[in-house]
1. Taking segment 146-193 only, how many residues are outside any loop (DSSP other than H, G, I, E, B) and among the polar types (S, T, N, Q)?
2. If I go through segment 186-214 residue by residue, how many of them are open to solvent by 10 Å² or more (accessible area, probe 1.4 Å) and out of contact with any Gly (no Cβ under 8 Å at 6 or more places or on another chain)?
3. Of all residues in segment 318-347, which are open to solvent by 50 Å² or more (accessible area, probe 1.4 Å), farther than 16 Å from Pro303 by Cβ and either in contact (Cβ under 8 Å) with a residue 60 or more places away in the chain or touching an Asp or Glu at 6+ places or on another chain (Cβ under 6 Å) (or both)?
4. Can you find even one residue in segment 109-128 that is near ligand 1 (Cβ under 10 Å from one of its atoms) and either under 24 Å from Ala233 (Cβ atoms) or out of contact with any Leu (no Cβ under 8 Å at 6 or more places or on another chain) (or both)?
5. Within segment 66-106, restricting attention to residues that are charged (D, E, K, R), touching a Gly at 6+ places or on another chain (Cβ under 9 Å) and assigned to a helix (DSSP H, G or I), which residue is surrounded by the fewest Cβ atoms within 10 Å (Cβ to Cβ)?
6. For segment 199-215, how many residues meet the condition of being in contact (Cβ under 8 Å) with a residue 12 or more places away in the chain and assigned to a loop (DSSP other than H, G, I, E, B)?
7. For segment 134-146, how many residues are within 14 Å of ligand 2 (Cβ to nearest atom) and within 22 Å of Ala85 (Cα to Cα)?
Amino acid sequence: MRTTWTFHSAGQLLFGRHAVRQLGEIADRLRAKRVLVVTDPLLLKAGLVEEVHVPLSEGVVVVEIFSGGEPEPSIRAAEAAIAKARSFHPEAVLGLGGGSNMDLAKVTATVLKHGGHPRDYVGDDKIPGPVMPLICLPTTAGTGSEVSAAAVLTDTDNHIKVGILSNYLRPRVAVVDPLLTVSCPKKVTADSGIDALTHAIEAYTAVDNATFPLPAGERSVYQGRHPMGDMLAEKAIHLIALHLRQAVSHGEDLDAREGMALAATLAGMAFSNVGVALVHALEYPVGGATHCSHGAGNGLLLPFVMRYNLPARRKEFAAIARLLGEDVAGMDETQAAERAITAVERLRADIGIPTRLRDVGVTEAQLKGLAEKAFGIKRILRVNPRAATLEDLEGILRSAL
Ligand SMILES: NC(=O)c1ccc[n+]([C@@H]2O[C@H](COP(=O)([O-])OP(=O)(O)OC[C@H]3O[C@@H](n4cnc5c(N)ncnc54)[C@H](O)[C@@H]3O)[C@@H](O)[C@H]2O)c1
Ligand SMILES: [Zn+2]
């Protein structure tokens, strides 16, 4: 029986419109005179790199840009970022982008400090000490990578996403400026927004901290459900219910963008301590096989996994229904819990997330192999409130086909 829990986040969180203007001071406080910005060609074109470059160079910072980021980045993209960093010798690495670029920045900061290859750090708690100072600026409202302990890469040889998990991957500074998300296209807004909802729901319905099944001798940054995670997840779910539809349909609405930016960061704080669970375990192989985005894959799978988990988490699902704005007055707990699932299905439809695995190209013949791959991701599966068998996983995928 576990009797203690911990909470970790970014060293500092700076939140609000125009927060990006304080980057010069931030670099100064980190004593970083040379900053490598890790980003991608689209953000360069959208002018977001300029927004970062100006305040940094107003200080006395020398800036180098790596713009070879890509969605769901491959290990090869990480190798390219590391090569650029090795020739530039930065004193801090800045990730500018969605989860993809922020994760590349995290891997770069790790390998630059500790040597080796990204693959050496895949798994739980494999990074031996602090990484190079990291500043992360999300341009999507989704992953929470700006506060999280994770970096996710795509292993293109094995068609699966691989995760590096370590509290050393938490950025020294997270700068969340909602204005950076305004240029997000509808699909990116929808996909990353439902990813944030998945983080919050998986954290809120995770296995309890007191009974978290961590085998003796193993360490994990995930620790099961605890009160601080609950509080953050509740707020995130409520904000997403209020703002996600509007952020997708009216991307210029700054209140909606700000609400989503806050929700994503809070959900990141929740899941990166409590854990993500079965939705993410299934999405890793599905995403690796189909190249559908992480958020779209999660959004697709979320209601199917909720249905599987419902018997173990009725009270929590009923609370989620209320947080999502459902009127559950007079219903018993099971009926109210069901409403959480239908509310997520409606939200998913309203923002245009695919609803069946076949829509993203999965065939029946693939289901067993996908289930087997997901079944191997124990560090995530053990966070789930129900201990899923291989047959359970295949069944969930079949129900989603
Ligand atoms: N580290 C973590 O804790 C964590 C958590 C969840 C997911 N992830 C990973 O994050 C990745 C997904 O990240 P994401 O959903 O943020 O999307 P993304 O980073 O893959 O970005 C998607 C696309 O949107 C573009 N884009 C991003 N912001 C934009 C903006 N403001 N204006 C215009 N275009 C913009 C990008 O250039 C890219 O082409 C996946 O690899 C996923 O596995 C990481
Ligand atoms: Zn996610």
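1. Within segment 146-193, the subset outside any loop (DSSP other than H, G, I, E, B) is 150-155, 160-165, 167-169, 173-176, 178-181, 186-193.
Next cut, among the polar types (S, T, N, Q) only: 154, 167, 181, 189, 192.
Here the count works out to 5.
2. Of the residues in segment 186-214, 2 are open to solvent by 10 Å² or more (accessible area, probe 1.4 Å) and out of contact with any Gly (no Cβ under 8 Å at 6 or more places or on another chain).
3. If the condition is that a residue be open to solvent by 50 Å² or more (accessible area, probe 1.4 Å), farther than 16 Å from Pro303 by Cβ and either in contact (Cβ under 8 Å) with a residue 60 or more places away in the chain or touching an Asp or Glu at 6+ places or on another chain (Cβ under 6 Å) (or both), then Gly325 is the only one that fits.
4. First, pick out the residues of segment 109-128 that are near ligand 1 (Cβ under 10 Å from one of its atoms): none.
Within segment 109-128 (the criterion being near ligand 1 (Cβ under 10 Å from one of its atoms) and either under 24 Å from Ala233 (Cβ atoms) or out of contact with any Leu (no Cβ under 8 Å at 6 or more places or on another chain) (or both)), the answer is no, since none of the residues qualifies.
5. Let us first name the residues in segment 66-106 that are charged (D, E, K, R), namely 70, 72, 76, 79, 84, 86, 91, 103, 106.
This time we only want the ones that are touching a Gly at 6+ places or on another chain (Cβ under 9 Å), so: 72, 84, 103, 106.
Subsequent filtering for residues that are assigned to a helix (DSSP H, G or I) retains 84, 103, 106.
On the way: Lys84: 18, Asp103: 29, Lys106: 34.
My answer is Lys84.
6. Within segment 199-215, the subset in contact (Cβ under 8 Å) with a residue 12 or more places away in the chain is 199-214.
Next, from what is left, pick out any that are assigned to a loop (DSSP other than H, G, I, E, B): 205-207, 212-214.
Number satisfying all stated conditions: 6.
7. Total satisfying the criteria: 3.
The values are calculated or read from the model by the stated rules, or taken from the named source; none is laboratory data. A quick note: this is a predicted structure, and the numbers were derived from the prediction, not measured. A quick note on method: Cβ atoms are made from the backbone with ideal geometry, for glycine too, and the neighbour counts reach across all protein chains shown. These accessible areas exclude ligands, DNA and RNA; they are computed on the full protein's heavy atoms, side chains included. Shrake-Rupley method; radii C 1.70, N 1.55, O 1.52, S 1.80 Å.
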